[in-house]
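The values are calculated or read from the model by the stated rules, or taken from the named source; none is laboratory data. Small disclaimer: the values here were computed from a predicted structure and weren't measured. Every residue, glycine among them, receives a Cβ derived from its backbone with ideal geometry; neighbour counts consider all protein chains shown. Accessible surface areas use protein heavy atoms only, side chains included; no ligands, DNA or RNA. Shrake-Rupley method; radii C 1.70, N 1.55, O 1.52, S 1.80 Å.
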Amino acid sequence: MSQQHDSQSYYVPEQSPWPIVGAFALFLIALGAGTTIAKIHQTGDPGWGKTVLIAGIVIVVLMMIGWFKDQIHESMQGMHSEQLGVSYKQGMSWFILSEVMFFMAFFGALFYARVLSVPWLGGEPNNEMTHLVLWPDFTAMWPLEKTPDGTETQAMGWTGLPLINTLILLTSSITMHMAHVGLEKNNRKQMKLFLTLTVLLGSIFLYLQVLEYVHAYRDLNLTLDAGIYGNTFFLLTGFHGMHVTVGTLFLIVILARVWCGHFSNDNHFAFMAASWYWHFVDVVWLGLFIFVYII
Amino acid sequence: MTTLTENPNVAATADTHHGPAKGLKRWLYTTNHKDIGSLYLWFAFIMFLIGGAMAMVIRAELFQPGLQIVDPHFFNQMTTVHGLIMVFGAVMPAFTGLANWMIPMMIGAPDMALPRMNNFSFWILPFAFLILIMTLFMEGGGPAFGWTFYAPLSTTYSSDTTALFVFSVHIMGISSIMGAINVIVTIWNMRAPGMTWMKMPLFVWTWFITAFLLIAVMPVLAGAVTMVLTDKFFGTSFFDAAGGGDPVMFQHIFWFFGHPEVYIMILPAFGVISAIVPTFARKPLFGYASMVYATASIALLSFVVWAHHMFTTGMPLFGELFFMYCTMLISVPTGVKVFNWVATLWRGSISFEVPMLFALAFIVLFTIGGFSGLMLAITPVDFQYHDTYFVVAHFHYVLVTGAVFSIIAAAYYWLPKWTGVMYDVTLAKAHFWCSLISVNLLFFPMHFVGLAGMPRRIPDYSLQFADFNQWISIGGFAFGLSQLIFLALLIKACRKQGKPVDAKVWDGAEGLEWEVASPAPYHTFSTPPKIK
Amino acid sequence: MKLIKLFACVAIAISFVSNAADKAVEMPLNMTKGVTQISAEVYQLHMTILIICAVIGVLVFGVMFWALIHHRKSKGAKAANFHESVKVEIAWTIVPFLILIGMAIPATRTLIAMEDPSDADLTIVVTGSQWKWHYQYFEHDIDFYSVLATPREQINGRWDKGENYLLEVDKPLVIPTDKKVRFLMTSDDVIHSWWVPDFAVKKDANPGFINEAWTKVDKAGIYRGQCAELCGKDHGFMPVVVIAKEPEEFDTWLADKVEEKRKAQEEEQRLLAMNMTMEELMSEGERVYLASCASCHQPNGMGLPGVFPGLVGSPIALGDVDAHINIVINGQTGTAMPAFGKQLSKKEVAAVVTYERNAWGNNTGDLVQVKDVHEFVKRSL
Ligand code: HEA
Ligand code: HEA
Ligand code: CUA
Ligand SMILES: [Cu+2]
C-alpha cells in the first residue's frame, strides 16, 4: 500500500473496484427481480429475468467476499486508524437505526389496521355508513379471522413455537454477550464456544420459524394473502426472519475469522457489528412477539 | 465563525503522494470526496435536464386545450417520472454532491468518513434511474400513478412494470441512507480539533440534521414500496378494504416519509443561503444559534405534520385539527430563518455577485412559496386548493426557486474553488435574469389557474384556463432554455476557461474552505488544521 | 436599477396575460365565493390569510429591499458587526405565533361546521369509478351514471370546442336548494375525489370506505367541478355537474325519474320477447362501446398493451359467449375491468357484446340477444 502515515495524520482508504461491481450487481438484481415478478404475473413464466437475477446475486456474493477480504486484510495490517474504527462503529449504529425505521413501517401498518381500519370497516366510531352500505356482514375483530370479503383464517397462538422461539432468541442474545465478554477478557475459548452456540441457536430459530410457516399454511389457512392479519404477520416475521438469516451468516463469517485467529480485544469492529446486529434482531423479535403474537 | 490560526499548509504536500488515478478508473473506483462530489453534481444536473425535458413535454401538451402531442396515459407517465426524477434524481443528489465536496473541507477533514461506501452510494444511483427510465419504453409504460403512487392506482390498477419501479426506488433509498450515514459520521467523527459543534458552518449543521431525517424516513419509503409490491404481486391487502386494509393507510405511510422528504430538500438550501448572504453582506450571520435551533425544530416538527397532504381523505376531525395546527407551527422557525437573513443584510456592505443574486431571489421566492404553504395548511381552505395548480405553484416555488435556486447559488459560490478559475460572469448574469423572469412567468400564474379551479395531473382542461396555460408554457420553455446557458457556463468552467482565482475567492467569505488553494487540492487536509 | 427593470418586465408580462385573457372565456383570478354559506366562509378565510401573508411579505421584503438599496457596498456602506439580539429574536418568534393563533381560530370554527353532516334532508351515495360517477338517491329508488359528454372529436381537435368543454356530462346530479344534502362518497376501483368548487366540497372517494360530506345550496343553477384525485388515464375527463333546483322542481324531477325507471323496465320486458337484427345490434353496440369501453380498449379495439388488453382477436371476444357476457356484466376483480351489470341495460350489454364479436375483423357472426343476457343473469343468480 502506498500510503505512509504518522500517528497524527488521517487514514484515507485506497481506491477500490468493489463498490462499482456491487452497484452493477444491484442493478442486475433489481432488473432481474423486477422483470421476473412482472413476467410471472403476466404469464406465470419467469423468462429471462431469472438469469439476470441469479447473475446479480452471484456477483453480489463475489463482491462481498472481495470487499471484505480487502477490508480484513487492511485491518489485519493495522492500517485502519483509530478514527476509522470509530467511524465504522457509528456507521453501523446509524445503519441499525435505519433498519429499525424499516420495521416501523410494517409495525405502523399493523397498528393502523388494528386500531383504525378494521374497526372502521366494522362501523366504529362514526363509520356506520361504511359498515351499513359496503360491509354489512363484517364484524371487526383482531386477529382478523374473517376479512370483509369473507376469507377465513385462524390466528397464530403465542404459546407454542413462538414462545420457544422467543426463549431461543433471548438465550442467543445472552450467549452473544458472553462471547463478547470472552473477547474482551482475551479468553478465545469462551469466545469460540459461545459464538458457536449463538450460531446454533440462530439456526434452530430459523428452522422452527419454517415449521411455524408450514403449520400456518397447512393447518391454519393463515397465508400471505389471507387479509391484513396474515399480511402483517408474514411481512413482519418474514423480514425479521430474513434479518436473522443475514445475522446468522454474519456470525458464521465472524466465527470463521475467530478460528483464523482474527480479532483482539482492541481491534474487533466486525465482531462488534455482528453482535450489535444480533441484539437488534433480538429486540425486534421482542416487539414482534408482543404485538404480533400476544396482544 | 471559524478562522485558522495557522495555515495548515495543505496545498504543498497533499498532491505529492496521492494524486488522482488516471482515466475512467479514477471515476469508477474513486474514494475521493471531491471526485464523488463532482460525480453527484454532474449526475444531478443531467437528471435535471432529463426531468426538465419531461416537464417540457407536459408544458407542450398543456399549451392548448385538447389532446395534441401525447396521449393521457403517457402524459401521466411524464408527470410521474418528472416528479420522481426531479426529487430523487436532481435535487437530492445535487445536495449530496455539495455535501461531499464541502463538508470535509468545511470541518477540516481529509475526506468523508467512509469513502468506499461513498463511492457505492453514488454509483448505484445511475443504475436506479436507468431502470426507472427503461420502464418508459416497456410494454405498459412507466409508472403513471404520480410521484406519490397512491394505492390502489399503483397496485391493482398499474401496469406490471411497477415491480421495476419499486426496485428502483429501493435502490434510491439505499443510496440516500448510505449517503446520510456518511454525512453524519463525517461530521460527528472527523471534525478537526477545535471545530466544536457551535463553530460548524450552517451548511454543515443543516446537512447534519437532514441526514437524520434521511435515515429516519427513507426506510419508511422502502417499506411503503414493498407493501405496494406485495399488494400488487403477492396477494396482500394492506391497501385494500376487502382484506381489512385501507388505501388511506398507504397515504399515511407515504407522507410520513414524504413530508420530511420535502424538508430534506430545503434544509441544506437554508445552509447554502446562510453561507452566501453573510459573505456578500460582509457581515456575520445574524442569529447563528437560533438558526441551528430553528433547523432542528423544523426537522422535529416535520414528523408530525404529514397528514396535511391528506385533508380530503376523510380523516377524523380531531386529526385534521392536529395536523393543521402542527403544520402552521412550522412557519415560526422558518420565519426565524427568513428574518435572520434579512437582519444579516441589514446595515451590511452588500454587493451583488451572481451567487448573491440567486440567494436573494431565493429569500423572496421561497418565502412566497412558504406563504402559499401556510395557506394550504388551513384545512377548510385546503379543501378548495387541494390537488389544483395552486399546490403545483406552491411546491415549485419552494422547490425550483427554493431548492434548485439554492443549488445554483451554491454552484456559483463554490465553482471557482472547485475549478480554480472564475466562470464567465456575463453568462452567469444572463442565466440569472433569464431564469428569474421566466420562472415567475412559469409558476406565478399557476396560483391563479389553481384558484380558478384547474386540477393538477390533467392532460387537457376547459377553455377558461387556455390563456394562462399558454403563458405558463411560454415561461416554461424560456426557463428551460435559460438552463442551457448554465450548461454552457459549466462546461466552460470545467475546462478551466477563465481567470485563475485566489484561495479566498470572495473578499467577504469566511470558513476553512477558503483557506485552501483554488482549485482545492485533491487531498485537502492530510493533517488536521488548527482552529481557534 | 436591474430590479426596477425586472419589475417592469414582470408587469408587462402580467398585463399581456390579462389582455390575452379577455379575448377568450373569462377566468376568475381568485377563489370562487361559491353558493353556500360554507363556501363563503372558506372564501373569507382564504382572503384573510392571503392578506396577512401579503402584509407580512410587504414588510419583510420592504426591509430587505431597503437594505439592498441603502446598504450596498457600491454606495460606500460599511458593514456593521452586530450578529445577535435575543430580544429581537424572541419578538419575531412570538409575533408570528400570535398571528397563527389568530388564523387558527376562525379556521377551526369553519372546519367543525364542515365536518358535521348530521340532520340531512336528503342523502346521496356518490360512487366514483374509472371514469364516471354513479349517483344513488339513498331514500329513493333512483340511481344513474354520469359520464363526460364532450365528444371525442372536440378533444382531438377535429371539431370546435364547445362552451363547457370537458365540464359537461350526460346525466347531471340534481339536488334541491335550501336543503341539507348529505353525500356518501365511495369508489369501485381507485381513489377519486368529488369536487364542486362552488360548494367548497371536495372529498375523496375511497374504495371500501365511505366518506361523508354535505352541502346546502342557496341558489338554483348549474355547478361544475371535476375529479380531483389522479385516478388513471382519464382522470382529466371525469367532470362533476350538479343542477340545483328549487325544492318543488326537484320533487317533480324526482317523480319523473321514478316514472322513467318504470318505463325502462317495461321496455326491457318487451325486448325479451323479440329479436334484434345485426344492424340494430351493431349500431347500438358501437354507440355503447364508444361511450363506455373505448376509453380503455380504444375505439379501434386495440387496447393499450400492458395496461388494457386489446379485444381484436382476444380469446374471450372470439370464444365462449357466456364468458364474454360474464366479463362485461361482472367485470374482472383485481383488474381495471369494471362490472357493467348495473350501468348498462340488458339491451346495451347484448349490443356491445355483439359489436365486440363482429367489429374490427372479429368475425364470429354471433348475434347476442337481450334474452341471452337475461338467461345468463338468471343462471348466475
Ligand atoms: C422544499 C419543499 C417544500 C417546502 C419547504 C414546503 C413548505 C411548506 N409546505 Fe409544502 N409541499 C411540497 C414541498 C414543500 N413544502 C410539495 C412537493 C408538496 C406537494 C406534494 C404533492 O402532493 O405532490 C407540498 C404540499 C403541501 C401541502 C398539501 C397541499 C395539498 O395537497 O392539498 C401543504 C398543506 O399544508 C403544505 C404546507 C407547507 C407549509 C406550511 C410549509 C412551510 O414549511 C412553509 C413555511 C414558510 C413560511 C410561512 C414563509 C416564511 C415565514 C415568514 C416570513 C414568517 C412569518 C409568516 C407567518 C406567520 C405567516 N405543502
Ligand atoms: C425539484 C423538483 C422539481 C423541479 C425542479 C421541477 C421543475 C419543473 N416542473 Fe415540476 N413537478 C415536481 C417537481 C419539480 N418540478 C413534482 C414533485 C411534481 C408532481 C408530480 C406529480 O404530480 O406526481 C411536478 C409536477 C409538475 C407539473 C404538473 C403536472 C401535472 O400535475 O399534470 C408541471 C406543469 O407544468 C411541472 C412543470 C415544471 C417545469 C416547467 C419545471 C422547470 O423548472 C424545468 C426546467 C428545466 C428544463 C426545461 C431542463 C433544461 C432544458 C433542456 C433539457 C433543454 C430542452 C428545452 C426546451 C425544449 C425548451 N411540474
Ligand atoms: Cu376520478 Cu380522477
Ligand atoms: Cu408536507
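If you take the accessible area of C alone, add that of A alone, and subtract the area of the pair, what total do you get in Å², probe 1.4 Å, to the nearest 100?
It comes to approximately 700 Å² buried between C and A.
So which lysines pass the test for residue C:87, namely a Cα distance under 29 Å, with those fewer than 8 places away in the same chain ruled out?
B:199, B:283, B:337, B:532, C:73, C:78
Taking amide H atoms as placed 1.01 Å from N in the peptide plane, list the residues 5 or more away in sequence, or in a different chain, whose amide H sits under 5 Å from that of residue B:236.
Answer set, sorted by chain and number: B:231.
Given bins 10 angstrom wide, list per bin the percent of all Cα-Cα distances in chain B, short to long.
4, 18, 30, 28, 14, 5, 1
Express the accessible area of chain A per residue in Å², computed with a 1.4 Å probe while the remaining protein chains stay in the model.
Working: 13570 Å² over 295 residues.
About 46 Å² of surface per residue is accessible.
From the backbone phi of segment A:276-293, what are the Karplus-calculated ³J(HN,Hα) couplings (6.51 cos²θ - 1.76 cosθ + 1.60, θ = phi - 60°) in whole Hz, Gly and Pro given as x?
Values per residue, Gly and Pro as x: 4, 4, 5, 5, 4, 4, 5, 5, 4, 4, 4, x, 4, 4, 5, 8, 8, 9 Hz.
Packing-wise, with mean Cβ within 10 Å as the measure, how do A:75-87, C:179-191 rank, highest first?
On the way: A:75-87: 15.9, C:179-191: 23.0.
Result, highest mean Cβ count within 10 Å first: C:179-191, A:75-87.
Give me the Kirkwood hydrodynamic radius of the protein assembly as shown, using the inverse of the mean 1/r over all pairs of distinct Cα atoms, in Å to one decimal. Present the calculation step by step, with values, prior to reporting the outcome.
On the way: mean 1/r = 0.0308 Å⁻¹.
Final number for the Kirkwood radius of the protein assembly as shown is 32.5 Å.
Along segment B:181-187, what does the Karplus equation 6.51 cos²θ - 1.76 cosθ + 1.60 (θ = phi - 60°) give for ³J(HN,Hα), rounded to whole Hz, x for Gly and Pro?
Residue by residue, segment B:181-187 yields 4, 4, 5, 4, 5, 4, 5 Hz.
Can you list the HN-Hα couplings for segment B:363-372, worked out from phi with the Karplus curve (6.51, -1.76, 1.60; θ = phi - 60°), rounded to whole Hz and with x for Gly and Pro?
My calculation for segment B:363-372 gives 4, 5, 6, 4, 4, 4, x, x, 4, 5 Hz in order.
Using a probe radius of 1.4 Å on protein heavy atoms only, what is the accessible area buried between chains C and B, both sides summed, to the nearest 100 Å²?
9000 Å²
Determine the shielding of peptide B:98-111 by partner chains: average, over its residues, the number of Cβ atoms on other chains within 10 angstrom of each Cβ. Before the final figure, lay out each step's value.
On the way: counts 0, 0, 0, 0, 0, 0, 0, 0, 0, 0, 0, 3, 5, 4.
If you average over the peptide's residues, the count of other-chain Cβ atoms is 1.
Filter the trypsin sites (Lys or Arg not before Pro) in segment C:300-356 to those in DSSP coil with at most 16 other Cβ atoms within 10 Å of their Cβ, and list the result.
Counting only loop positions with at most 16 other Cβ atoms within 10 Å, the trypsin sites (Lys or Arg not before Pro) in segment C:300-356 are C:342.
Return the long-range amide H neighbours of residue C:196 (sequence gap of 5 or more, or a different chain), with a cut-off of under 5 Å between placed amide H atoms.
Here C:201 satisfy the definition.
Relative to the longest principal Cα axis of chain B, at what angle does helix B:247-264 sit, 0 to 90 degrees, rounded to 10?
20 degrees
So which residues in segment B:416-459 end up with at least 50 square angstrom less accessible surface once the other protein chains are there, compared with the chain by itself, probe 1.4 angstrom?
Relative to the lone chain, where solvent access is computed with a 1.4 Å probe, segment B:416-459 loses at least 50 Å² at B:433, B:437, B:451, B:455, B:457.
Please identify the trypsin sites (Lys or Arg not before Pro) of segment C:48-114 that satisfy two criteria: DSSP loop assignment and at most 16 other Cβ atoms within 10 Å. Which are they?
Passing both the DSSP loop test and the Cβ count: C:78.
Given B:238, B:454, B:293, which one lies farthest toward the positive end of the charge dipole of the protein assembly as shown, if we put +1 on the Cβ of every Lys and Arg and -1 on the Cβ of every Asp and Glu?
B:293
By average Cβ neighbour count within 10 Å, what is the ranking of B:71-78, B:266-273, A:92-99 from highest down?
B:266-273, B:71-78, A:92-99
Considering only DSSP beta bridges whose two residues both sit in the protein assembly as shown, what percent are antiparallel, to the nearest 5? List each step's numbers first, then the result.
Details: 35 of 48 bridges.
Counting only bridges with both partners in the protein assembly as shown, antiparallel ones make up about 75 percent.
Restricting to bridges with both residues inside segment C:122-264, how much of the DSSP beta-bridge set is antiparallel, in percent to the nearest 5?
Among the beta bridges of segment C:122-264, antiparallel pairing accounts for roughly 70 percent.
Nearest 100 Å² is fine: what is the total accessible surface buried where chains B and A meet, probe 1.4 Å?
5800 Å²
Counting other Cβ atoms within 10 Å of each Cβ, which chymotrypsin sites (Phe, Trp or Tyr not before Pro) in segment B:93-182 have at most 15 and sit in a DSSP loop?
Values: sites: B:95, B:101, B:120, B:122, B:123, B:127, B:129, B:137, B:145, B:147, B:149, B:150, B:157, B:165, B:167; in loops: B:137, B:145, B:147, B:149, B:150, B:157.
Passing sites in segment B:93-182 are B:137.
Quick one: Cα centre-to-centre distance for segment B:285-364 and segment B:169-189, in angstrom?
If you average the Cα positions of each part, the centres end up 24 Å apart.
Over the protein assembly as shown, what percent of the accessible surface lies on carbon and sulfur atoms, probe 1.4 Å?
Roughly 65 percent, rounded to a whole number.
Under a 5 Å amide H to amide H cut-off, with H placed in plane at 1.01 Å, what residues pair with residue C:229 once short-range neighbours are removed?
Correct list: C:193.
Give the accessible area for residue C:98 in Å² (nearest 10); use a 1.4 Å probe, count only protein heavy atoms, and leave out ligands, DNA and RNA.
100 Å²
Please work out the average accessible area per residue across chain B, using the 1.4 Å probe convention, and give it in Å².
On the way: 13370 Å² over 532 residues.
Solvent-accessible surface per residue comes out at 25 Å².
Taking beta carbons within 10 Å but only from partner chains, what does the mean come to for residues A:20-29? Walk me through the numbers on the way to the answer.
Numbers: counts 10, 4, 5, 13, 3, 2, 10, 10, 1, 3.
Partner-chain Cβ atoms within 10 Å, mean over residues of A:20-29: 6.
What order, most packed first, do the peptides C:281-289, B:511-519, B:168-176 have when packing is the mean number of other Cβ atoms within 10 Å of each residue?
Values: C:281-289: 19.2, B:511-519: 21.4, B:168-176: 24.8.
Descending mean neighbour count gives B:168-176, B:511-519, C:281-289.
With the Cα gyration tensor of segment A:1-80 in hand, convert its eigenvalues to equivalent ellipsoid semi-axes via √(5λ) and list them largest first in whole Å.
Three semi-axes, in Å: 40, 10, 7.
Which whole number gives the average count of other chain Cβ atoms within 10 Å of the Cβ atoms across peptide B:112-124?
6
Counting only protein chains, not ligands or nucleic acids, how are A:41, C:324 ordered by accessible area (probe 1.4 Å), most first?
Ranking A:41, C:324 by accessible area, largest first, yields A:41, C:324.
So how exposed is residue C:322, as accessible area in Å² (1.4 Å probe, rounded to 10)?
Estimated to the nearest 10 Å², residue C:322 gives 50 Å².
Give me the accessible area of residue A:164, 1.4 Å probe, in Å² rounded to the nearest 10.
Rounded to the nearest 10, the figure is 80 Å².
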